[in-house]
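A quick write-up on the structure given underneath.
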Amino acid sequence: MNEKQNGFFANLAEKLNLRYIGSLVLSVLLAFLICAVILAVAGYDPIATYGAMWNGAFDSLRHVGDFLEYAMVLCICGLACVLGARVGIFNVGGEGQLLLGAIFACQIGIWLQGTTAWIVIPLAAVGAMVAGGLYAFIPGWLKVKQKVDEVITTIMMNSIAAFLCQYLAKGPWKNANKNMVAATARLNADYWFGNLIPRSNLTTAIIAAAIIAFAVWYVMQKTATGYEMRITGSNPRFAFFSGLKTDKIVILGMVVSGMMCGLVGMFRVYGVEHLYRASISNDYYFEGLTVAMIAQYNPVTTIYLSLFFAVLKIGAQGIELIGVPSQIYLIMQTVIIFFMAAEKGISESIQKSLQARRAKQAAIARMKGGVSHE
Amino acid sequence: MGEIAVQFKHISMEFPGVLANDDITLDIRKGEVFALVGENGAGKSTLMNILYGINTPTNGEVFIRGKKVEHFDPGVAISLGVGMVHQHFMLVPSFTVAQNIVLSREPKKMGVFFDNKGAEKETEKLVKTYGLTVEPSAVVQEISVGLQQRVEILKTLYRGADILILDEPTAVLTPQETDELFAVIRKIVREHGMTVIIITHKLYEVMQISDRVGVMRKGKLVGVENTSDMDERKLASLMVGRPVLYENLDKEDDIGDEQIRVDDLVVGDNRGLVAVDGVSLSVRSGEILGIAAVEGNGQSELLEAITGMRKIESGSVTIRGRQINGMDPGAIRGIGLAHIPEDRISTGVCADASVSDNLLMGKERNPEFNTLGIAQNNAAIRKYASEIYEKFDIRGAGIDVNVGSMSGGNMQKVVVAREFSFDAPVLIISQPTRGVDVGAIEFIHEQIIQQRNEGAAILLSSADLDEVFRLSDRIITLYEGKVTGEFKASEITKEEIGYFMTGKRETEAAHE
Ligand SMILES: Nc1ncnc2c1ncn2[C@@H]1O[C@H](COP(=O)(O)OP(=O)(O)OP(=O)(O)O)[C@@H](O)[C@H]1O
Ligand SMILES: [Mg+2]
């Protein structure tokens, strides 16, 4: 009897998941359809555009490498957001944490110029994590101790970080090159992450990222710590009542989230740009956050969706070659989110009306069948 | 009284894994008080949620005053004159009483702006008509549960309900408040011709208030009777399927060392006013100290301060010889304390987590559940949770569903089961059987006495005076945050204690 029940709930869980996947696929298809209409109205050939998009991502190894690198960025940023959400804090400040991580990691490499990479790279990683982590600690602490809303503080701190980095890159840490206005000096090539696919952005950083992603998934899903985080995020009063140090858990969740963002900054510098400038991130954290939201803060789904959106994004560069604006990618992303959000309400109302219909039919059947009960 | 207010025809309701209602056919007459009783998880709330349009039945039909309900939706139900006060309240905590009452039908100034004065006037009017006294401008999160319930009732009346569903309204009330509520019910039935359906686990209340009673068991309606043809015993055995005997509890007399000591304790309430005003008490091992007090006289704040959930303003609390001022609940639990909180939904469970996760809480770091400290041992956790689930006779759709989907009484059993599983030498217990059926009350009482006999020091607070008397060795009365008397449970009667609960001091009462 118990066995049967277990089986039943395993099935149910599967079904629910299938429903999510189904609605995701449907949203994606609808998004493609709607964008096709938009493209057609704007005078572009949708088929050709999607073809170009496919080519943009898959026509060469180099592009494959590029989208893998971007998937890595999305994935770590997305998981950072998931981690915060798990303990009940919404980290909107990842962009600032990423920028600070990037600039400090970069500067460490410049200060230590001449030292072996075996020392510089770990130090830079630590520096990036400390910068990102500390910067996340502030809103985390404010939320827990002073009840200041983290969404507001982190958004404001994003601007502060962006300005601070801009100042540093234009002022004290500016490079000697007169033509580059707001950038730090270039890192010694010894410190660069090695390319995994020549001429692409894909570097050995993805190995570190994979390890981080696995570790985050493992801690969240498989350990007592993950369990405590989940309970804290879901009912903090119950968690506190039960003896958990909820303040610590929330702050720690936020700090680790910030550390991950800082590391992404370091990966961007040591892997791709080799110096700090503002283009190190174009709101990449926000795209990661969007992915996490679409994934309903599920770590595994976040990883898969990162790949999908990375393909779209790199593919979108391909459509520019045939003269279509790459912003079509943004429209698509927004439409998908829109449908995912609407799906919940729509499917619920469909279910309700189905239930009502079934009840009615049953009643009619009973009436037609004449007397059945009593 | 021939008119029919509500008709259920062959109603079935299936949730994943449970058939909560199983082919129920029932008529409720206009102008009657209909009591619905049954064990925890029997499907009472589910049936009422169908009438109120929250659930759409998987099968069957509902007629309200002869009119078939086509679309199950609370908005439709309200427009058909159905009002419901839920087992777990649904008020906006940060709004005032008046704002909550007029919610969704707000009086407007110039047709747009919320008219606060108007809302308060409307509330005053309702209060006068129905005799349910509340302060319209008070903020809901700052008033007692008993008062919050009045707000819920007024809300339905404001929306024009003439069929009122009350889901375990008396579970959170003191005897006096219950009497007041019953007076109101009689008044609205007699003077306003309303129909009232009331769910309760207290069978004497069924006898007191209802005209007819329906008994549910495991989703089925197993009997509908005129209350005058029934008595409590018959009802109980119809409900549980066996006779329920409140046998005398075996109390061993083996009182040991002092485990809880409270000295001159002062604690504030949510508004920052003094709630506990210089309380001192002491509980020894093997003893139950009961607190008898009318809701809102500081008992909640007192227990919260002892367990670390609330700040101590002055004075001291000592648990097993260690002063706990300033410690958090985790540290205090570490000394050997377990706590059944007054409010299960907000504090006692994590509604969005599974039953097994809820039962595990506090033990997740035990080596047996935490392999090598790096991985949760799911097999062991499931086995443990299943055992407790069986032992406490929790009834629901198994250990994998969210606690939030369980019936109220079974949710309470989850809390009790978890807190007892620590075998803590100090137990702080608040409302242990709130919303629990008669059979399960018997079981929980036995468990409490067993803990006591095994040497636990227990501080108990309950709105149910019978419960306080049945379990306690000593009783203290609290009034406005002060101790007004202390008695051996065997040496005082319920009537006498009522006197102290309303503020008369021991010294004034009898010079002994
Ligand atoms: N939303 C839901 N999802 C899944 N199961 C549910 C849901 N609501 C109720 N149930 C299940 O239906 C059964 C009946 O629950 P219901 O709340 O009606 O019981 P009840 O008679 O009101 O009990 P109590 O006296 O404890 O309040 C229970 O087994 C419960 O777990
Ligand atoms: Mg119920």
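Here is a check on your reading of the model: is B:LYS218 modelled with pLDDT of 85 or more, crowded, with 18+ Cβ neighbours inside 10 Å and not assigned by TED's automatic domain parsing to the domain that holds B:ILE444? Reasoning before the result, please.
Numbers: modelled with pLDDT of 85 or more: yes; crowded, with 18+ Cβ neighbours inside 10 Å: no; not assigned by TED's automatic domain parsing to the domain that holds B:ILE444: yes.
Considered against the rule, which asks whether it is modelled with pLDDT of 85 or more, crowded, with 18+ Cβ neighbours inside 10 Å and not assigned by TED's automatic domain parsing to the domain that holds B:ILE444, B:LYS218 comes out as no.
Quick check on this structure: which one of B:LYS494, B:LYS488 is of a type in the set (Lys, Arg), surrounded by fewer than 23 Cβ atoms within 10 Å (Cβ to Cβ) and farther than 24 Å from B:ILE255 by Cα? If you could, list the steps in order and put the result at the bottom.
On the way: B:LYS488 fails: farther than 24 Å from B:ILE255 by Cα.
From the options B:LYS494, B:LYS488, the qualifying one is B:LYS494.
Among the residues of region B:358-395 satisfying the criterion of being more than 11 Å from chain A (Cβ to nearest Cβ) and buried (at least 18 other Cβ atoms within 10 Å of the Cβ), which is nearest to ligand 2 (Cβ to nearest atom)?
Checked region B:358-395; the qualifying residue nearest to ligand 2 (Cβ to nearest atom) is B:ARG395.
Quick test for you: out of B:GLY435, B:GLY439, B:GLY398, pick the one residue that is within 22 Å of the chain's Cα centre (by Cα), within 12 Å of ligand 1 (Cβ to nearest atom), at positive phi and not assigned by TED's automatic domain parsing to the domain that holds B:VAL145. Break it down into steps so the answer makes sense when it comes.
Values: B:GLY439 fails: at positive phi; B:GLY398 fails: within 22 Å of the chain's Cα centre (by Cα).
Exactly one of B:GLY435, B:GLY439, B:GLY398 is within 22 Å of the chain's Cα centre (by Cα), within 12 Å of ligand 1 (Cβ to nearest atom), at positive phi and not assigned by TED's automatic domain parsing to the domain that holds B:VAL145, namely B:GLY435.
Okay, residues lined up against (1) within 16 Å of ligand 1 (Cβ to nearest atom); (2) out of contact with any Ser or Thr (no Cβ under 8 Å at 6 or more places or on another chain); (3) within 14 Å of chain A (Cβ to nearest Cβ); (4) among the charged types (D, E, K, R):
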| site | (1), (2), (3), (4) |
| --- | --- |
| B:ILE163 | no, no, no, no |
| B:VAL172 | yes, yes, no, no |
| B:ASP179 | no, yes, no, yes |
| B:VAL196 | no, yes, no, no |
| B:ARG217 | yes, yes, no, yes |
| B:ASN226 | no, yes, no, no |
| B:GLU232 | no, yes, no, yes |
| B:GLY256 | no, no, no, no |
| B:GLN259 | no, no, no, no |
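Looking at this structure, is B:ASP423 acidic (Asp, Glu) and more than 26 Å from B:GLY330 (Cβ to Cβ)? Don't jump to the end; show me each part of the working.
On the way: acidic (Asp, Glu): yes; more than 26 Å from B:GLY330 (Cβ to Cβ): no.
The answer is no for B:ASP423.
Taking region B:398-448 as the search range and keeping residues that are part of a loop (DSSP other than H, G, I, E, B) and within 14 Å of another protein chain (Cβ to nearest Cβ), which one is nearest to ligand 2 (Cβ to nearest atom)? Lay out the reasoning, then the answer.
The initial filter retains those residues of region B:398-448 that are part of a loop (DSSP other than H, G, I, E, B), namely B:398-401, B:406-407, B:421-425, B:431-437.
The next check asks that each one be within 14 Å of another protein chain (Cβ to nearest Cβ); those that pass are B:398-401, B:421-422, B:424.
Numbers: B:GLY398: 18, B:ILE399: 20, B:ASP400: 21, B:VAL401: 16, B:SER421: 24, B:PHE422: 27, B:ALA424: 29 Å.
Ranking the qualifying residues of region B:398-448, first place goes to B:VAL401.
Among the residues of region B:357-375, count how many are within 21 Å of A:PHE240 (Cβ to Cβ) and hydroxyl-bearing (Ser, Thr, Tyr).
So the answer is 0.
So in region B:453-467, with the set limited to residues that are within 19 Å of B:ILE306 (Cα to Cα) and not in a loop (DSSP other than H, G, I, E, B), which one is farthest from ligand 1 (Cβ to nearest atom)?
B:ALA457
Based on what the data block shows, is A:LEU29 part of a helix (DSSP H, G or I) and closer than 30 Å to A:ILE231 by Cβ?
no
Residues of region A:202-224 being under 22 Å from A:LEU68 (Cα atoms), of a type in the set (Gly, Ala, Ser) and crowded, with 21+ Cβ neighbours inside 10 Å, which ones?
Residues satisfying the conditions are A:ALA205, A:ALA209, A:ALA213.
Residues are listed down the side, and each one gets a yes or a no for (1) within 18 Å of B:GLY146 (Cβ to Cβ); (2) in a strand (DSSP E or B); (3) β-branched (Val, Ile, Thr):
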{"site": "B:VAL276", "(1), (2), (3)": "no, yes, yes"}
{"site": "B:VAL283", "(1), (2), (3)": "no, yes, yes"}
{"site": "B:GLY290", "(1), (2), (3)": "no, yes, no"}
{"site": "B:ALA305", "(1), (2), (3)": "no, no, no"}
{"site": "B:MET327", "(1), (2), (3)": "no, no, no"}
{"site": "B:ALA331", "(1), (2), (3)": "no, no, no"}
{"site": "B:ALA338", "(1), (2), (3)": "no, yes, no"}
{"site": "B:GLU342", "(1), (2), (3)": "yes, no, no"}
{"site": "B:SER346", "(1), (2), (3)": "yes, no, no"}
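Is there a residue being surrounded by 18 or more Cβ atoms within 10 Å (Cβ to Cβ), in contact with a Cys (Cβ under 8 Å, 6 or more places away or on another chain) and either more than 11 Å from chain A (Cβ to nearest Cβ) or on the phi < 0 side of the Ramachandran plot (or both) anywhere in region B:347-357?
yes
What about B:THR25, is it within 14 Å of another protein chain (Cβ to nearest Cβ), in contact (Cβ under 8 Å) with a residue 12 or more places away in the chain, more than 16 Å from ligand 1 (Cβ to nearest atom) and of a type in the set (S, T, N, Q)?
Working: within 14 Å of another protein chain (Cβ to nearest Cβ): yes; in contact (Cβ under 8 Å) with a residue 12 or more places away in the chain: yes; more than 16 Å from ligand 1 (Cβ to nearest atom): yes; of a type in the set (S, T, N, Q): yes.
Yes.
Collect the residues in region B:193-204 that are outside any loop (DSSP other than H, G, I, E, B) and touching a residue at least 60 places away in the same chain (Cβ under 8 Å), keeping them in residue-number order. So that I can check it myself, show each step before the final result.
Here is the first cut: in region B:193-204, the ones outside any loop (DSSP other than H, G, I, E, B) are B:195-199, B:203-204.
Listed by number, the residues that qualify are B:THR195, B:VAL196, B:ILE197, B:ILE198, B:ILE199, B:LEU203.
Anything in region B:54-84 that is buried (at least 22 other Cβ atoms within 10 Å of the Cβ) and either away from every other protein chain (no Cβ under 14 Å) or within 26 Å of the chain's Cα centre (by Cα) (or both)? List them, or say none.
Within region B:54-84, B:ALA77, B:VAL82, B:GLY83, B:MET84 meet the criteria.
Determine which single condition B:GLY43 fails, assuming it passes every other condition in (1) more than 17 Å from B:VAL85 (Cβ to Cβ); (2) within 8 Å of ligand 1 (Cβ to nearest atom); (3) within 14 Å of another protein chain (Cβ to nearest Cβ).
All conditions are met except number (3).
Does B:THR156 satisfy the criteria of being in contact with a Pro (Cβ under 6 Å, 6 or more places away or on another chain), among the hydroxyl-bearing types (Ser, Thr, Tyr) and farther than 17 Å from B:SER94 by Cα?
Working: in contact with a Pro (Cβ under 6 Å, 6 or more places away or on another chain): no; among the hydroxyl-bearing types (Ser, Thr, Tyr): yes; farther than 17 Å from B:SER94 by Cα: yes.
No, not satisfied.
Is it the case, given these coordinates, that B:ALA171 is closer than 30 Å to B:ASN453 by Cα and within 16 Å of ligand 2 (Cβ to nearest atom)?
Numbers: closer than 30 Å to B:ASN453 by Cα: yes; within 16 Å of ligand 2 (Cβ to nearest atom): yes.
In short, yes.
Looking only at region B:457-467, count every residue that is crowded, with 24+ Cβ neighbours inside 10 Å and either at pLDDT below 90 or among the hydrophobic types (A, V, I, L, M, F, W, C) (or both) and tell me the total.
Of the residues in region B:457-467, 5 are crowded, with 24+ Cβ neighbours inside 10 Å and either at pLDDT below 90 or among the hydrophobic types (A, V, I, L, M, F, W, C) (or both).
The values are calculated or read from the model by the stated rules, or taken from the named source; none is laboratory data. Given the structure is predicted, the values throughout are model-derived calculations rather than measurements. Ideal geometry is used to build each Cβ from the backbone, glycine not excepted, and the neighbour counts take in all protein chains shown.
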